[in-house]
Amino acid sequence: MKKATKLLLSILPISSISFLSVVSCSTRNSNAKQPDKKPEKPNEKGPIIPKNPDNKKPTNNNNNSNNNSNSNNNKPGSTVPNENKDPSKSEETPEKPERDPKKPDKQPQGDDPNNHQPHNNQHADQPNINKDEFADLDKLPKEISFERFDFYTSKDVTTALSHLRTDGSVIKIIFSNTHRNIFGKYNINLELDGNEKEDVKKGLIDKVKVKFTNKKDKKSKIIEFTFTGFKVIQKSPDKENKNSKKNYIKKKEKIDNKLTGLYPSLVAYMIMYTQEPKNYKNLMQKDSINFEELENNNPNLFADPEINLNVVALKDLLLEYNRELGKLYKDKVIAVSYDDVNGKLGLKLLIENREENDTIASKYSETLEFDFVGFRKIDLKNPNKNVLSLLFPQNNFKDMIKNNVFKKKIEVLKSGKQKEDMVLVKEEYAKQLIFKNLLVQIIDNENNLYRSTQTLSLQNNKKDNYTSILGLAGGGTLYPFHTIINNNSIKNIYLMINKEKNKKYKVAINFEVDIPIFASTTSDLTFHATSGDTNILKLDITTNALID
């Protein structure tokens with residue numbers, strides 16, 4: 001057969017040979033397109049080319065078509081569609097070569113955000129053993145710059161930290177731009193606890209905690225960062241010491257008794273509020289003894305008509321100003337601290353040039369800190385000596401015990417079935433009833449500064465015209481000092497009963513109210529943070545009523 005073919009080729013002209021080649025190619029293509037016909041067996045002597053798993057298009061014998069396909073595949077992200085493809089028909093699967101070397105599946109690696117495959121060749125439904133799911137967080141740089149935010153670069157670290165406490169959304173913006181894979185995987189929030197370290201000379205805040213919570217399994221991790229890029233405040237290099245910013249303000253050695261007779265927490269809060277009221281609007285409770293009730297002299301709350309709780313009057317009582325240097329400089333209280341147990345008040349002031357003075361004195365700002373002692377203290381050992389006390393009126397108690405939570409217990413005590421003549425009341429609803437019936441007494445026999453000419457309570461009562469002292473959100477008070485009182489402050493409720501001679505019963509109740517006394521960190525007080533262990537002032541309250 002081969003010899004006959006060679007003889008035929010030697011006789012035929014070249015044009016005839018070309019014609020035979022075209023016919024042969026057409027025959028192969030025709031067979032490939034007809035699924036009913038068995039395709040010709042490939043030449044076993046020819047090279048076997050393994051199938052490329054990434055190439056989803058069927059093999060085409062046309063050389064030009066192959067070149068175009070390769071050209072498109074070499075372009076990253078190419079989305080050129082197959083123009084000849086009929087979308088109503090599925091693609092034909094190309095004939096597999098007899099020997100198809102198997103390639104490993106391509107898997108995303110590392111921190112690829114598109115990685116949906118578990119590492120270490122583990123199946124998705126298998127437990128991931130000894131794997132740190134927060135490994136990506138450990139790779140994060142521990143320094144975060146705020147230089148791209150003009151708002152923060154113009155603020156000193158103390159002011160910047162105060163803003164971060166009220167609005168921490170900037171941390172989400174930073175991670176969404178710089179670490180998008182982390183932002184997509186975790187919920188990111190600031191966890192400011194008052195232990196941050198400010199460095200005004202370097203313009204940074206150290207030990208800032210950021211909480212990362214996995215969006216899928218809700219597991220979280222807290223990491224400490226250093227925030228940088230804030231306004232740098234350096235010591236004034238003024239050559240003339242007499243014009244130094246340090247000489248602009250000094251603390252008074254002796255403070256007027258009408259101020260030191262107040263609790264330092266009240267003074268601290270009023271300084272910050274009256275300086276920038278808008279920053280504290282969200283802290284106020286309406287229809288209570290709040291900032292607005294205390295701002296100017298209120299004869300219903302203070303006996304001394306000269307007590308004026310605004311920042312100008314308070315600074316004038318605490319600080320001594322050099323009026324000549326006042327032409328060059330201006331000041332602002334940027335943070336305060338207080339300790340009601342030890343009667344201490346702290347102020348942190350920022351001293352800056354006045355706008356018209358930029359060419360005369362140093363352009364640098366200066367911070368000054370002052371500590372004051374001798375303010376009124378909370379007496380933890382002798383609760384009756386403090387200004388604040390609580391009262392449970394008999395009429396209120398008599399009405400309250402008609403409620404089933406108390407009525408059933410009284411019936412048990414009256415029956416004599418119980419050996420003890422008292423019972424411990426544990427119901428949470430009992431605490432609510434007691435809380436709303438308590439009245440507040442303000443008695444200042446020592447300094448005669450605090451005075452209340454109206455009936456005060458813990459809960460507003462429009463019916464009886466009672467005003468609550470809880471003027472801060474979350475059950476906080478400003479007057480007579482800062483504390484937090486709520487239902488959970490009521491402890492150890494005991495109900496007792498004794499039979500009287502006239503066939504009546506005397507029912508008595510005894511309980512404690514735990515009032516926390518705080519010592520704050522140095523801050524702008526837009527959030528609540530204490531500097532150490534909280535002391536507890538325990539008020540013991542008893543009242544009784546006769547019943548049939």
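Output the number of the condition that D358 fails; it satisfies all remaining conditions of (1) among the acidic types (D, E); (2) surrounded by fewer than 15 Cβ atoms within 10 Å (Cβ to Cβ); (3) modelled with pLDDT of 90 or more.
Every listed condition holds for D358 apart from (3).
Considering only residues that are surrounded by 18 or more Cβ atoms within 10 Å (Cβ to Cβ), in contact (Cβ under 8 Å) with a residue 40 or more places away in the chain and under 11 Å from the mean Cα position of the chain (by Cα), which ones fall in the stretch 166-192?
L192
Taking T158, is it without any contact (Cβ under 8 Å) to a residue 60 or more places away in the chain and either outside the structural domain of K348 (by TED's automatic domain parsing) or of a type in the set (G, A, S) (or both)?
No, not satisfied.
Mind checking which residues of the stretch 453-501 are in a loop (DSSP other than H, G, I, E, B) and over 38 Å from the mean Cα position of the chain (by Cα)?
The answer is T453, Q454, K463, D464, E500, K501.
Considering only residues that are surrounded by 15 or more Cβ atoms within 10 Å (Cβ to Cβ) and either hydroxyl-bearing (S, T, Y) or without any contact (Cβ under 8 Å) to a residue 12 or more places away in the chain (or both), which ones fall in the stretch 417-460?
Y450, S452, S457, listed by residue number.
Restricting attention to the stretch 247-261, which residues are surrounded by 14 or more Cβ atoms within 10 Å (Cβ to Cβ) and assigned to a helix (DSSP H, G or I)?
Within the stretch 247-261, N247, K258, L259, T260 meet the criteria.
Here's the yes/no breakdown for (1) surrounded by 14 or more Cβ atoms within 10 Å (Cβ to Cβ); (2) closer than 23 Å to F518 by Cβ; (3) not aromatic (F, W, Y):
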| site | (1), (2), (3) |
| --- | --- |
| Y263 | yes, yes, no |
| A268 | yes, yes, yes |
| Y273 | yes, yes, no |
| K278 | no, no, yes |
| D287 | no, no, yes |
| L319 | yes, no, yes |
| Y329 | yes, no, no |
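In this structure, does L495 turn out to be under 25 Å from Y280 (Cα atoms) and surrounded by 15 or more Cβ atoms within 10 Å (Cβ to Cβ)?
Taking the combined requirement at face value, the residue does not satisfy it.
Within the stretch 242-264, how many residues turn out to be under 38 Å from the mean Cα position of the chain (by Cα) and under 15 Å from L349 (Cα atoms)?
Number satisfying all stated conditions: 6.
Only one of P305, P277, P299, P264 is assigned by TED's automatic domain parsing to the domain that holds K332 and either within 30 Å of K172 (Cα to Cα) or among the acidic types (D, E) (or both); which?
Among P305, P277, P299, P264, only P277 is assigned by TED's automatic domain parsing to the domain that holds K332 and either within 30 Å of K172 (Cα to Cα) or among the acidic types (D, E) (or both).
Can you tell me which residue among E446, E420, E411 is of a type in the set (D, E), assigned to a loop (DSSP other than H, G, I, E, B) and over 24 Å from H482 (Cβ atoms)?
Among E446, E420, E411, only E420 is of a type in the set (D, E), assigned to a loop (DSSP other than H, G, I, E, B) and over 24 Å from H482 (Cβ atoms).
Regarding the stretch 429-437, can at least one residue be identified that is in a loop (DSSP other than H, G, I, E, B) and either farther than 22 Å from N535 by Cβ or at pLDDT below 90 (or both)?
no
Among what's in the stretch 308-324 and is of a type in the set (D, E, K, R) and touching a residue at least 24 places away in the same chain (Cβ under 8 Å), pick the residue that is nearest to K251 (Cα to Cα).
Only one residue fits best here, namely E320.
The values are calculated or read from the model by the stated rules, or taken from the named source; none is laboratory data. Computed from a predicted structure; not experimentally measured. Glycine gets a Cβ as well: all are built from the backbone with ideal geometry, and neighbour counts include every protein chain shown.
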